[in-house]
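Note sheet for the following structure.
The values are calculated or read from the model by the stated rules, or taken from the named source; none is laboratory data. In this text the structure is predicted, and so the values were computed from the model without any measurement. Cβ sites come from the backbone with ideal geometry, for glycine too, and all protein chains shown count toward neighbours. Calculation scope for accessible area: heavy atoms of the full protein, side chains included, ligands and nucleic acids excluded. Shrake-Rupley method; radii C 1.70, N 1.55, O 1.52, S 1.80 Å.
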Amino acid sequence: MPSRTFQNLNDEKKHRITAALLTEFSQHNLPDAEVARIIKRAEISRGAFYKYFVDLEDAYQYLFVVVMARVHAPITAQAGDLTAADYYQMVAGFVDRVHRSPYRDYIRRHFLTNEGMLPKQRAAEPRNDTEWAVMILCHAAINECLRDPADQARVLTSLQNTLQKLLD
């Protein structure tokens with residue numbers, strides 16, 4: 001995660017660095033990413049980059065947390081026991097938002113190549129086995145929709161049918 005020095009930067013500079021990271025990791029897989037392109041785009045020195053982040057993987061993980069927080073915000077705002085229709089709407093809405101968001105290429109590249117190169121991120125602990133199954137099912141559906149947008153309708157229909165069987 002970024003250093004305290006990075007956390008203490010002014011918002012404009014943090015935004016510029018975050019935008020440079022988003023551009024780099026949206027256009028290049030983690031092994032092909034280059035600090036040189038990031039620092040040029042962010043208008044910072046190489047030394048500053050390494051003062052803020054341990055390495056490219058550290059910068060990637062910082063960006064992952066930022067992106068996931070932003071795209072999950074509408075989902076995490078909902079609370080309580082959800083129905084199959086609620087979960088379906090959240091997943092369909094999430095996929096739609098991602099396809100229209102500036103994070104689309106980053107998230108797609110994450111699922112296609114970068115996810116397996118990073119330590120596993122721990123998700124929130126499910127309350128029970130059914131909640132765990134729903135969480136796994138929803139994340140798998142999102143992954144499939146982003147990997148193959150042409151198959152999105154079939155995936156979402158399967159998700160809807162399975163959620164109804166599981167929760168109703």
Alpha-carbon centroid distance for the pair the range 85-121 / the range 138-168, whole angstrom | 13 Å
Please report the base-10 log of the normalised intensity I(q)/I(0) for the chain, using a Debye sum with one equal scatterer per alpha carbon and no solvent, at each q in 0.09, 0.13, 0.15, 0.16 (1/Å).
-> -0.36, -0.70, -0.88, -0.96
Carbon plus sulfur fraction of accessible area for the range 18-168, probe 1.4 Å, in percent = 53 percent
Provide the per residue accessible area, probe 1.4 Å, for the range 1-81, rounded to a whole number of square angstrom.
-> 55 Å²
Can you give the angle from 0 to 90° between the axis of helix 11-27 and the longest principal axis of the chain, with both taken from C-alpha atoms, to the nearest 10?
-> 70 degrees
Provide the gained length on full extension for the span Ser3 to Leu118, in nm with one decimal, where the gain is 0.36 nm per separating residue minus the Cα-Cα distance.
-> 39.5 nm
Candidate aspartates and glutamates - alpha carbon under 20 Å from Lys51, same-chain residues fewer than 8 apart omitted | Asp11, Glu12, Glu24, Glu34, Glu43
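State to the nearest 20 debye the size of the charge dipole of the chain about its Cα centre, where the only charges are +1 on K and R beta carbons and -1 on D and E beta carbons.
Computed charge dipole of the chain: roughly 600 debye.
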